[in-house]
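The values are calculated or read from the model by the stated rules, or taken from the named source; none is laboratory data. These figures come from a predicted structure and were not determined experimentally. So basically every Cβ, Gly included, is an ideal-geometry build from the backbone, and we count neighbours across all protein chains shown. Heavy atoms of the whole protein, side chains included, go into the accessibility calculation; ligands, DNA and RNA do not. Shrake-Rupley method; radii C 1.70, N 1.55, O 1.52, S 1.80 Å.
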Amino acid sequence: MKMPSSTILSEKLIKPSSPTPSTQRWHKLSLLDQAFSNIYIPFAFFYTKKQLDSVSINPTQISHLLENSLSKLLVSYYPYAGRLKDNTIVDCNDVGADFLRVEINIPISQALQKHNNVIEEMVFPQDLPWSNCTNRGLVVAQLSYFNCGGIAISLCISHKVGDGHSSYNLFHDWAKITREPNGPKPVLQYVQESIFPPPITGTPFLSPVCTSNKEDCIQRKFIFPIQKLNKLKALIAATSNVQNPTRNEVVSALIFKCIVAAVKVVNSGKSFQPWIMSQSFDLRHQIDLPPNSIGNILTSTYISIAAEKYMTLANIVTEMRKEKQRVCDRDNVEDNLFLKKFLELATEEKNFLKVQNNMCNFSSLVKFPVHEIDFGWGKPAKVNIANGLHNKVVFLVGNLSGVDAFVSLSAKVMSVFEKEKELLEFAAAVPTF
C-alpha cells in the first residue's frame with residue numbers, strides 16, 4: 001500500500017463578496033466567548049468521484065464554486081472574516097478566511113474504508129485542528145483532491161466566536177449557498193455580549209490556553225447501527241428508572257463505562273478512583289434563542305461516579321438524566337457551571353485549562369443532520385472530526401442509520417478499550433489499516 005502524503009497546491013484569503021458595514025466593525029465577545037481558548041473545531045466531509053461525475057463537475061470548477069460561495073457566506077458570517085483584536089473584540093475588517101487546495105496521493109477508497117489517523121489529519125490544515133492558534137483566520141477551509149478524483153472539504157472554525165452549533169450552521173449554510181447560489185442569504189442572530197456580559201470594570205481576561213497531550217492520542221471510530229442502539233436502549237430502560245433513554249445517553253454511558261474499565265486494566269493493581277463525565281449542553285432552547293443564534297451559548301454538565309459498584313449503564317444514564325433536569329431547572333445565565341470553572345481559574349491567575357486524569361469529556365452532535373451536508377453533488381460518503389485536543393474525549397455524530405462515535409484515548413488505554421466485549425456487542429470498530 002502506498003504511503004499517504006499531501007502537497008499544498010495553493011493557499012489564499014477569501015474575502016466577503018461585499019464589505020461589512022462600519023456599524024458592524026466591532027464584534028464584542030461575551031464572557032462565555034472569552035472563556036474559550038482560540039481552538040479550532042474541525043469538520044471534514046468526503047465525496048466520491050461518482051458523486052462529482054453525476055453532476056458533471058471537475059476539480060477546477062469545484063474550487064471556483066467553493067471560493068465564490070464562501071465569499072458570499074462571509075457577508076452573513078462577517079465576524080469569521082475578521083481577526084481577533086484581543087480577548088474581548090473581533091475586528092470585522094474583512095481580511096478574509098483562509099482557503100487551501102491540497103493534493104493527497106491516495107484514492108479516496110482508503111479513507112472511506114478505514115479510519116487511519118494519518119490520512120484523517122491530511123484533510124485538515126497541518127497542526128490546526130483543536131490547536132491554540134493566533135496567526136490564522138477565524139475560518140480555515142481546505143479542499144483536498146484524492147488521486148482517484150474524489151474530494152474532501154474541511155473547515156476549521158474558531159471556538160472563540162461560536163460553539164459546535166454555530167459551526168454546524170456555518171458549514172450547512174456554506175453547502176446551501178454552493179448548491180443554491182441564487183437563494184436567500186442566511187439570516188443570523190449574533191448574541192455577542194447580550195446574554196453573558198463581561199465585567200464592566202477590571203482588566204480583561206486573558207484567553208485561556210488548553211493544555212494538550214494530543215501526541216499521546218489515538219482516535220478510533222465506532223459505528224452504532226440503529227438495531228444495536230434500539231437493543232441498548234431497551235436494556236437500559238429495563239434496568240433503570242429512565243424509560244425513554246436517548247441515543248446520546250445510551251452511547252455516552254456505554255463508552256464512559258468501557259473507558260473506565262480499560263483504564264482499570266492498564267492501571268492494574270490500583271484501587272478505583274472517582275470518575276467524572278462532562279458533557280456540553282446547548283442552551284438555545286432553554287433561554288429562548290433561535291437555532292440561527294451565533295456564539296458560545298452553552299454550559300457543561302457533570303456527573304460523578306464515586307464507587308465502582310455504581311459504574312453501571314443503568315446508574316450512569318439515571319445520573320445523566322438527573323443532571324439534565326438540574327440544568328433545565330437552573331438559571332444557566334446567572335449560574336453557568338462552565339463559566340464558574342473559568343472564573344475560578346481566572347481568580348487564581350491561571351490562563352490554562354488542564355484536563356483532570358479521571359474525567360471523560362463528551363460532545364454530542366447527534367441532533368444535527370451532519371450526514372446530509374450537500375454542496376450540490378449529494379450527501380457525504382463520510383463525515384470526520386479531527387483527533388481531539390487531549391485523550392478521553394468523545395464526539396458523537398448522528399449518521400443516516402445510527403451514531404458514529406469518535407473516541408480519543410492514549411495508545412495503551414485504546415488497545416484495551418477497542419477490545420471491550422460490552423462495547424463490541426453494540427458497536428463496530430472501523431478498521432485502521
(request) Would you tally the residues in segment 172-189 being in a helix (DSSP H, G or I) and among the aliphatic types (A, V, I, L, M)? (result) 2
(request) Please state which one of I287, I303 is among the aliphatic types (A, V, I, L, M), over 25 Å from L235 (Cα atoms) and not in a helix (DSSP H, G or I). (result) I287
(request) Check whether at least one residue in segment 161-171 is closer than 19 Å to L13 by Cα, in contact with a helix residue (DSSP H, G or I) (Cβ under 9 Å, 6 or more places away or on another chain) and part of a strand (DSSP E or B), and report yes or no. (result) no
(message) Being closer than 30 Å to S131 by Cα, among the aliphatic types (A, V, I, L, M) and modelled with pLDDT of 90 or more is the requirement here; does I297 meet it?
(response) yes
(message) Go through segment 110-127 and report how many residues are more than 13 Å from A152 (Cβ to Cβ) and either among the aliphatic types (A, V, I, L, M) or outside any loop (DSSP other than H, G, I, E, B) (or both).
(response) 3
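For segment 407-433, how many residues are free of Cβ contacts under 8 Å to residues at least 60 places away in the same chain, open to solvent by 60 Å² or more (accessible area, probe 1.4 Å) and either within 22 Å of A111 (Cα to Cα) or assigned to a helix (DSSP H, G or I) (or both)? Break it down into steps so the answer makes sense when it comes.
The initial filter retains those residues of segment 407-433 that are free of Cβ contacts under 8 Å to residues at least 60 places away in the same chain, namely 415, 419, 421, 424.
Okay, now just the ones that are also open to solvent by 60 Å² or more (accessible area, probe 1.4 Å), so 419, 421, 424.
After this cut, where a residue has to be either within 22 Å of A111 (Cα to Cα) or assigned to a helix (DSSP H, G or I) (or both) as well, the list is 421, 424.
The number of residues fulfilling the criteria is 2.
Listed here are the residues, each with its yes/no results for (1) surrounded by 15 or more Cβ atoms within 10 Å (Cβ to Cβ); (2) modelled with pLDDT of 95 or more; (3) of a type outside the set (F, W, Y); (4) closer than 30 Å to S63 by Cβ.
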{"site": "R321", "(1), (2), (3), (4)": "yes, yes, yes, no"}
{"site": "E334", "(1), (2), (3), (4)": "no, no, yes, no"}
{"site": "G376", "(1), (2), (3), (4)": "yes, yes, yes, yes"}
{"site": "N387", "(1), (2), (3), (4)": "yes, no, yes, yes"}
{"site": "G398", "(1), (2), (3), (4)": "yes, no, yes, yes"}
{"site": "A405", "(1), (2), (3), (4)": "yes, yes, yes, no"}
(request) Can you tell me which residue within segment 243-283, out of those that are of a type in the set (D, E, K, R) and more than 20 Å from M320 (Cβ to Cβ), is least open to solvent (accessible area, probe 1.4 Å)? (result) K264
(request) Might you check whether a residue that is more than 19 Å from the chain's Cα centre (by Cα) and not hydroxyl-bearing (S, T, Y) occurs anywhere in segment 125-135? (result) yes
(message) Going by what's in this entry, would S268 be described as more than 21 Å from the chain's Cα centre (by Cα), part of a strand (DSSP E or B) and free of Cβ contacts under 8 Å to residues at least 40 places away in the same chain?
(response) no
(request) Show the residue pairs that are 6+ apart or on different chains and have beta-carbon atoms under 8 Å apart, the first residue being within segment 52-76 and more than 21 Å from P186 (Cα to Cα) and modelled with pLDDT under 90, the second being assigned to a helix (DSSP H, G or I) and open to solvent by less than 10 Å² (accessible area, probe 1.4 Å). (result) N58/L52
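With respect to Q219, determine if the residue is in contact (Cβ under 8 Å) with a residue 60 or more places away in the chain, in a strand (DSSP E or B) and either touching a strand residue (DSSP E or B) at 6+ places or on another chain (Cβ under 9 Å) or not aromatic (F, W, Y) (or both). Before you say what the answer is, go through the steps one by one.
Numbers: in contact (Cβ under 8 Å) with a residue 60 or more places away in the chain: yes; in a strand (DSSP E or B): yes; either touching a strand residue (DSSP E or B) at 6+ places or on another chain (Cβ under 9 Å) or not aromatic (F, W, Y) (or both): yes.
Judged against the criteria, Q219 is a match.
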(request) From Q113, Q142, grab the single residue that is touching a strand residue (DSSP E or B) at 6+ places or on another chain (Cβ under 6 Å) and touching a residue at least 24 places away in the same chain (Cβ under 8 Å). (result) Q142
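Kindly provide the set of residues from segment 30-85 that are part of a loop (DSSP other than H, G, I, E, B) and either buried (at least 20 other Cβ atoms within 10 Å of the Cβ) or in contact with a Leu (Cβ under 9 Å, 6 or more places away or on another chain) (or both), ordered by number. Give the derivation first.
Narrowing segment 30-85 to residues part of a loop (DSSP other than H, G, I, E, B): 30, 36-39, 48, 54-58, 77, 82, 85.
If the condition is that a residue be part of a loop (DSSP other than H, G, I, E, B) and either buried (at least 20 other Cβ atoms within 10 Å of the Cβ) or in contact with a Leu (Cβ under 9 Å, 6 or more places away or on another chain) (or both), then S30, F36, S37, N38, I39, T48, I57, N58, Y77, G82 are the ones that fit.
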(request) Go through I119, I106, I151 for me and flag whichever is out of contact with any Lys or Arg (no Cβ under 8 Å at 6 or more places or on another chain), modelled with pLDDT under 95, open to solvent by less than 20 Å² (accessible area, probe 1.4 Å) and within 23 Å of K221 (Cβ to Cβ). (result) I119
(message) Checking the structure you have, find out if any residue of segment 128-145 is in contact with a helix residue (DSSP H, G or I) (Cβ under 7 Å, 6 or more places away or on another chain), more than 16 Å from L70 (Cβ to Cβ), modelled with pLDDT of 95 or more and not in a loop (DSSP other than H, G, I, E, B).
(response) yes
(request) Any residue in segment 312-331 that's within 11 Å of N241 (Cβ to Cβ): show its pairings with residues that are assigned to a helix (DSSP H, G or I) and hydrophobic (A, V, I, L, M, F, W, C) at Cβ separation under 7 Å, as long as the two are six or more apart or on different chains. (result) A314/I236; V317/I236; V317/V250; V317/A253
(request) Can you tell me which residue among K392, K367 is open to solvent by 50 Å² or more (accessible area, probe 1.4 Å) and at pLDDT below 95? (result) K367
